[in-house]
Amino acid sequence: MSPATLFFALSTGVVAAGTLAVESSSRVQAQASPLLASRPDRRPALPWKNDSWLNTDKPLTLEGLEGRVILLNFWVFTCYNCTNTVPSLVDFDHKYRDKGLTLIGIHTPEFPPYAGEHDKENVAQKLKQYHIEYPNAQDNDSRTWDLYGIRFWPSFVLIDKKGVVRYEGAGEFHLNDRNYKLWDGRIQELLAE
Amino acid sequence: MSHLGLTAWAAAALAFSASCATPPKPAEPLGVQTTLIGPNTRLTLITAPGLKVSALLKPALELNDGRVLRFDSPRLTPDSAYFAEPPSALAPGRHGELRGTLRASVCDEGAAVCRTVVLDL
């Protein structure tokens with residue numbers, strides 16, 4: 001069983017541990033999700049309603065971005081796979097913002113507030129540290145995460161100019177690696193439509 | 001009780017009869033080893049093969065009385081992002097008396113993704 005397949009299987013894991021009666025109730029539920037090998041999908045994008053934003057003067061809405069290609073990146077600053085992917089996302093932003101791409105970070109905490117992931121100042125500091133200039137929404141109640149049925153950090157949803165979800169996937173990638181090129185090609189494809 | 005809950009209790013009962021230190025089975029992401037140390041219990045997290053626990057977001061045991069215990073280990077991977085040996089925490093009381101919620105960010109080496117594993121004790 002490959003690690004990825006195993007990881008899928010683990011989504012329903014029931015854990016028996018010592019004499020502890022343990023019930024697994026992971027936020028992640030049973031069904032598998034595409035990881036690195038993203039699949040094309042065609043469903044209407046759903047309007048997110050996050051209230052707290054960074055790197056933008058006003059909240060961004062799906063309706064307000066009609067005519068632009070949108071890449072949603074579900075991440076959290078405590079996720080190493082997520083921050084390793086940031087240089088690629090910053091590169092996409094620099095290359096394609098003026099050509100019609102809007103990249104939006106959906107910052108979704110893994111743990112309750114005691115871990116510091118909900119703190120806006122902490123998020124702002126990390127945006128600066130990683131040179132992230134694209135807008136970010138705080139998804140502290142996981143509302144947008146749940147809306148899009150996300151299961152893993154980091155995850156990506158690519159939306160076309162008409163507001164249709166065209167590609168989804170998850171997993172770290174790096175500048176100019178195979179999956180970077182995959183996402184780069186998809187962005188170019190949707191920008192050209 | 002849900003079907004999942006019943007299954008979990010049954011699995012836990014089996015584990016009780018077998019051992020007090022059960023590593024995760026192949027289809028389980030995380031197991032908890034318990035070791036009595038005087039009046040306290042050391043909890044150690046064991047991952048299934050191919051998985052690793054994030055050290056950037058240290059696992060936490062949220063006890064029902066409001067206290068939060070964080071798991072730790074002195075040995076990390078070279079990038080300091082993951083535990084290189086199982087993290088542990090010392091919880092007050094005997095393990096049969098522990099009640100709370102355990103959280104860990106568990107990451108897949110192959111697919112380079114993480115997810116939260118939540119265990120209700």
When residues of region A:77-87 are limited to those that are open to solvent by less than 20 Å² (accessible area, probe 1.4 Å) and farther than 16 Å from A:Gly169 by Cα, the one farthest from the other protein chains (Cβ to nearest Cβ): A:Thr83
Within region B:63-121, tally of residues that are in contact (Cβ under 8 Å) with a residue 12 or more places away in the chain, facing chain A (nearest Cβ under 7 Å), touching a strand residue (DSSP E or B) at 6+ places or on another chain (Cβ under 8 Å) and open to solvent by 20 Å² or more (accessible area, probe 1.4 Å): 5
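For region A:88-113, enumerate the residues that are within 14 Å of chain B (Cβ to nearest Cβ) and either open to solvent by less than 10 Å² (accessible area, probe 1.4 Å) or farther than 30 Å from B:Thr101 by Cα (or both).
First pass over region A:88-113, keeping only residues within 14 Å of chain B (Cβ to nearest Cβ): A:88, A:107-113.
A:Ser88, A:His107, A:Thr108, A:Pro109, A:Glu110, A:Phe111 - these are the residues of region A:88-113 that are within 14 Å of chain B (Cβ to nearest Cβ) and either open to solvent by less than 10 Å² (accessible area, probe 1.4 Å) or farther than 30 Å from B:Thr101 by Cα (or both).
Kindly establish whether A:Gln188 is under 26 Å from A:Gly67 (Cβ atoms), away from chain B (no Cβ under 11 Å) and in a helix (DSSP H, G or I).
On the way: under 26 Å from A:Gly67 (Cβ atoms): yes; away from chain B (no Cβ under 11 Å): yes; in a helix (DSSP H, G or I): yes.
Yes; evaluated as a whole, the condition is true for this residue.
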Taking strands (runs of 3 or more DSSP E) that do not extend beyond region A:96-174, which have at least 3 residues that are without any contact (Cβ under 8 Å) to a residue 60 or more places away in the chain? A:101-107
Between A:Trp48, A:Trp53, which is modelled with pLDDT of 95 or more, part of a strand (DSSP E or B) and closer than 30 Å to B:Ser105 by Cβ? A:Trp53
From the residues in region B:25-54 that are touching a Phe, Trp or Tyr at 6+ places or on another chain (Cβ under 9 Å) and within 21 Å of B:Arg94 (Cα to Cα), which one is surrounded by the fewest Cβ atoms within 10 Å (Cβ to Cβ)? B:Thr44
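The values are calculated or read from the model by the stated rules, or taken from the named source; none is laboratory data. Every value quoted in this text rests on a predicted model; they were computed, and no experiment measured them. With ideal geometry, Cβ positions are generated from the backbone for all residues, glycine too; neighbour counts draw on all protein chains shown. These accessible areas exclude ligands, DNA and RNA; they are computed on the full protein's heavy atoms, side chains included. Shrake-Rupley method; radii C 1.70, N 1.55, O 1.52, S 1.80 Å.
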